[in-house]
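Take a look at the structure set out below.
The values are calculated or read from the model by the stated rules, or taken from the named source; none is laboratory data. The structure presented is a predicted model; accordingly, all values stated were derived computationally and were not measured. Note that each Cβ is placed from the backbone with ideal geometry, even for glycine, and that neighbours are counted across all protein chains shown.
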Amino acid sequence: MVLAAKIETFVDIPEGVNVEIDRSTVKVSGPKGSTQETFKLGPIKLEKVANQVKISVNFPKKMQKAMIGTIAGKIKNMITGVSKGYEYQLQINYAHFPMTVSVEGTKIVIKNFLGEKHPRTSKIVGNTQVKIKGQEITITGINKEEVGQTAANLVQTTKVRKKDQRVFKDGIFVTEKRVVENE
């Protein structure tokens, strides 16, 4: 078995985006805002070289090789988020009972889902914005994980259980995920 002596991965930093690295914390700021993430690095080293982030490890084990790719992917997502942003489109579907969806503070409230008397609530994660227009819900933000988790919470809240899903097609479903190009 031959071990690689050193593995390095580079992430490019585009114009208008600033990256600061303080030990295991990476802070990325750009035109849409700023975000930061703290990584559990172990022997992995993060450093800023010119207009790139260098992620390296000496004599890596299998798990450390995987972590390099994960860290590079998360930093790329942070850079994309602060420069462009993320957006999820969701569709409200109902056939039996007209449900109403509204935003109240840090929660999304779904009333009259399948004729239920008590409203269901879904949590808005982090600094994501939720806009409801008719049957369309738009979730936007700079953190991919927060936007995706908010959409997942909403879909999970309206999942039909203990009924035939071929008949009860009510719920809220993701129709599109995209990176916001121009706004």
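Structure values in brief
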quantity	calculated
Per-region count, the range 2-40, residues part of a loop (DSSP other than H, G, I, E, B) and within 18 Å of residue 80 (Cα to Cα)	7
Some residue of the range 64-82 being within 17 Å of residue 148 (Cα to Cα) and either in contact with a Gly (Cβ under 6 Å, 6 or more places away or on another chain) or not in a helix (DSSP H, G or I) (or both)	yes
Residue, nearest to residue 30 (Cα to Cα), within the range 41-63, restricted to residues that are assigned to a strand (DSSP E or B) and of a type in the set (Val, Ile, Thr)	53
Whichever residue in the range 32-44 is of a type outside the set (Val, Ile, Thr) and under 18 Å from the mean Cα position of the chain (by Cα) and, among such residues, is nearest to residue 71 (Cα to Cα)	39
Residue in the range 41-62 that is under 17 Å from residue 145 (Cβ atoms) and modelled with pLDDT of 90 or more present	no
Test: residue in the range 156-164 that is part of a loop (DSSP other than H, G, I, E, B) and buried (at least 17 other Cβ atoms within 10 Å of the Cβ)	yes
Selection within the range 66-86 - loosely packed, with under 15 Cβ neighbours inside 10 Å and either over 17 Å from residue 142 (Cα atoms) or among the polar types (S, T, N, Q) (or both)	66, 69, 70
When residues of the range 100-155 are limited to those that are under 24 Å from residue 179 (Cα atoms) and hydroxyl-bearing (Ser, Thr, Tyr), the one surrounded by the fewest Cβ atoms within 10 Å (Cβ to Cβ)	106
Leading residue by the ranking (farthest from the chain's Cα centre (by Cα)) among those in the range 1-21 that are farther than 24 Å from residue 63 by Cβ and of a type in the set (D, E, K, R)	15
Failed item in (1) under 30 Å from residue 173 (Cα atoms); (2) in contact with a strand residue (DSSP E or B) (Cβ under 8 Å, 6 or more places away or on another chain), with residue 32 passing the rest	(2)
